[in-house]
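Participant: Pasting in a structure now, in structure tokens, and then I'll have a few things to ask.
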Amino acid sequence: MSSSSDYPRFALGHALSTEQQAFFAKHGFLHFRPFASPEHVQQILRATQEVQANWLAQGLEKINGVPIKYGQDVDGARIVQRFAFASQYHPVLHELLKDVRFRALFPLLEAAGGRVGENEKNGLVVNHYVNVPGSAFSQMGWHTDSLRDVFYGKRIGPMLNVGLHLDSTPATNGGLRVLPGTHRQGLSRMLFRKKYFKDVHFDPDEVAIETEPGDLTVHDGRMWHRVAQSPLTGEASRRRVLYVPIIAGKYQPKSENSPTPFYLRFLHLVK
């Protein structure tokens, strides 16, 4: 695959096609268009704004042990830039995760007992990127999602990271970048290929995932990816994405008594 954005976009039904499964097996990601209608996207955006207003009013700092990342919007107002377990705080977001089409992705785990991790890992995460002074979240450096298993001395478990994109993000406005095929790398390459989160630079092998509102992306938790900073500033730089894990294995829900995961203690470094 070239380093351009020239890759197939698929439609997600109730089962994956042979072509879709083969593409994922080789490259480690899939891009579906559309998944959510324009009306549903607006409904989801309103729901996240309502959750934000409630958390700001309550002065919450953590949800189930996961720190809330606050920052500033284009007008200087305080906003939530990284939500965790958001579906536990709004019925619209909770209902979203019941969409039967998510079940079509379970076979990609190549493990029994696939499920949407609404109450596990970080639950439904909302990332709100904006490039303005005072923003605490405008990009995210290279990383894999499977590192958390290594931190806790666990065998790396099967995981998909599923993103619902709520804004139009051409490659010229930053956004998700992936290194195709790195989901099949060895452990040493997964650990040391790049400096986790600190390395934010362009890779000649990266593929830019260009999204429209309502698009769904799926990538293997073992693959290297980053979120590039928008070269634009202000309102034009705004990008909002919902991420939910699809996982298998032992059910491990989080609660208000859960400790802060070690790797999240460095969340403040991600800007």
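The values are calculated or read from the model by the stated rules, or taken from the named source; none is laboratory data. What you see is a predicted model, and the numbers here were worked out from it, not measured in a lab. All Cβ positions, even for glycine, are placed from backbone atoms using ideal geometry, and neighbour counts span all protein chains on display.
Participant: Which of the residues that make up region 220-260 are assigned to a helix (DSSP H, G or I) and either surrounded by 19 or more Cβ atoms within 10 Å (Cβ to Cβ) or on the phi > 0 side of the Ramachandran plot (or both)? Can you show your working first?
Facilitator: Taking region 220-260 as the starting set, the residues that turn out to be assigned to a helix (DSSP H, G or I) are 234-237.
Across region 220-260, the qualifying residues are 234, 237.
Participant: Restricting to region 71-91, count the residues that are closer than 13 Å to residue 240 by Cα and not β-branched (Val, Ile, Thr). Before the answer, list the steps.
Facilitator: Quick first cut of region 71-91, residues closer than 13 Å to residue 240 by Cα only: 73, 79-83.
Still in the list and also not β-branched (Val, Ile, Thr): 73, 81-83.
Looking only at that region, the number is 4.
Participant: Could you list, in sequence order, the residues of region 46-78 that are buried (at least 18 other Cβ atoms within 10 Å of the Cβ), within 14 Å of residue 133 (Cβ to Cβ) and either among the hydroxyl-bearing types (Ser, Thr, Tyr) or touching a Gly at 6+ places or on another chain (Cβ under 6 Å) (or both)?
Facilitator: Scanning region 46-78 gives a single hit, 74.
Participant: Return the pair list, or none, for Cβ contacts closer than 7 Å from residues in region 1-14 that are within 18 Å of residue 25 (Cα to Cα) and assigned to a loop (DSSP other than H, G, I, E, B) to residues that are of a type outside the set (Lys, Arg) and at pLDDT below 85, at least 6 apart or on different chains.
Facilitator: Matching pairs, first to second residue: 7/1.
Participant: A follow-up question, please. Considering every residue within region 117-130, establish whether at least one is modelled with pLDDT of 95 or more, touching a strand residue (DSSP E or B) at 6+ places or on another chain (Cβ under 6 Å) and of a type in the set (Val, Ile, Thr).
Facilitator: The answer is yes, given that some residue of region 117-130 is modelled with pLDDT of 95 or more, touching a strand residue (DSSP E or B) at 6+ places or on another chain (Cβ under 6 Å) and of a type in the set (Val, Ile, Thr).
Participant: Out of region 28-45, which residues are surrounded by fewer than 12 Cβ atoms within 10 Å (Cβ to Cβ) and not hydroxyl-bearing (Ser, Thr, Tyr)? Don't jump to the end; show me each part of the working.
Facilitator: As a first pass, look at region 28-45 and keep what is surrounded by fewer than 12 Cβ atoms within 10 Å (Cβ to Cβ): 37-39.
Once the filter is applied, which keeps residues that are surrounded by fewer than 12 Cβ atoms within 10 Å (Cβ to Cβ) and not hydroxyl-bearing (Ser, Thr, Tyr), region 28-45 yields 38, 39.
Participant: Find the helices (runs of 4 or more DSSP H) located wholly in region 16-121 whose residues include 2 or more that are under 27 Å from residue 234 (Cα atoms), and list them.
Facilitator: Working: elements: 18-27, 38-58, 91-96.
It comes to 38-58.
Participant: Follow-up. Do we have residue 187 as free of Cβ contacts under 8 Å to residues at least 40 places away in the same chain, over 19 Å from the mean Cα position of the chain (by Cα) and farther than 19 Å from residue 131 by Cβ here?
Facilitator: Values: free of Cβ contacts under 8 Å to residues at least 40 places away in the same chain: yes; over 19 Å from the mean Cα position of the chain (by Cα): yes; farther than 19 Å from residue 131 by Cβ: yes.
Judged against the criteria, residue 187 is a match.
Participant: Out of all the residues in region 71-94, which are over 17 Å from residue 127 (Cβ atoms) and either within 15 Å of the chain's Cα centre (by Cα) or among the aliphatic types (A, V, I, L, M) (or both)?
Facilitator: Result: 77, 92.
Participant: Would you pick out the residues in region 120-179 that are at negative phi and small (Gly, Ala, Ser)?
Facilitator: The answer is 135, 136, 138, 141, 146, 157, 163, 168, 171.
Participant: Out of 202, 192, 137, which single residue is under 16 Å from the mean Cα position of the chain (by Cα), more than 16 Å from residue 221 (Cβ to Cβ) and not small (Gly, Ala, Ser)?
Facilitator: Details: 202 fails: under 16 Å from the mean Cα position of the chain (by Cα); 192 fails: under 16 Å from the mean Cα position of the chain (by Cα).
None of the others qualify; the one that does is 137.
Participant: Same structure again: Could you tell me whether residue 25 is surrounded by 12 or more Cβ atoms within 10 Å (Cβ to Cβ), more than 19 Å from residue 218 (Cα to Cα), among the small types (Gly, Ala, Ser) and modelled with pLDDT of 95 or more? Don't jump to the end; show me each part of the working.
Facilitator: Values: surrounded by 12 or more Cβ atoms within 10 Å (Cβ to Cβ): yes; more than 19 Å from residue 218 (Cα to Cα): no; among the small types (Gly, Ala, Ser): yes; modelled with pLDDT of 95 or more: yes.
For residue 25, the condition - surrounded by 12 or more Cβ atoms within 10 Å (Cβ to Cβ), more than 19 Å from residue 218 (Cα to Cα), among the small types (Gly, Ala, Ser) and modelled with pLDDT of 95 or more - is not met.
Participant: Say whether the condition of being free of Cβ contacts under 8 Å to residues at least 40 places away in the same chain and acidic (Asp, Glu) is met by at least one residue in region 32-42. Write out each step before concluding.
Facilitator: Going residue by residue through region 32-42, those that are free of Cβ contacts under 8 Å to residues at least 40 places away in the same chain are 39, 42.
Add one more test, that the residue is acidic (Asp, Glu), and what stays is 39.
Scanning region 32-42 turns up at least one residue that is free of Cβ contacts under 8 Å to residues at least 40 places away in the same chain and acidic (Asp, Glu).
Participant: Every residue in region 220-255 that is more than 22 Å from residue 49 (Cβ to Cβ) and either among the small types (Gly, Ala, Ser) or without any contact (Cβ under 8 Å) to a residue 12 or more places away in the chain (or both), please.
Facilitator: 221, 228, 248, 249, 250, 255
Participant: Go through (1) more than 19 Å from the chain's Cα centre (by Cα); (2) within 30 Å of residue 202 (Cα to Cα); (3) surrounded by 14 or more Cβ atoms within 10 Å (Cβ to Cβ) for residue 8 and report which single condition fails.
Facilitator: Exception for residue 8: condition (3).
Participant: To continue, here is another question. Checking residue 209 against (1) closer than 17 Å to residue 247 by Cα; (2) of a type in the set (A, V, I, L, M, F, W, C); (3) surrounded by 22 or more Cβ atoms within 10 Å (Cβ to Cβ), only one condition comes out false. Which one?
Facilitator: Evaluating residue 209 over (1) closer than 17 Å to residue 247 by Cα; (2) of a type in the set (A, V, I, L, M, F, W, C); (3) surrounded by 22 or more Cβ atoms within 10 Å (Cβ to Cβ) leaves (1) as the failure.
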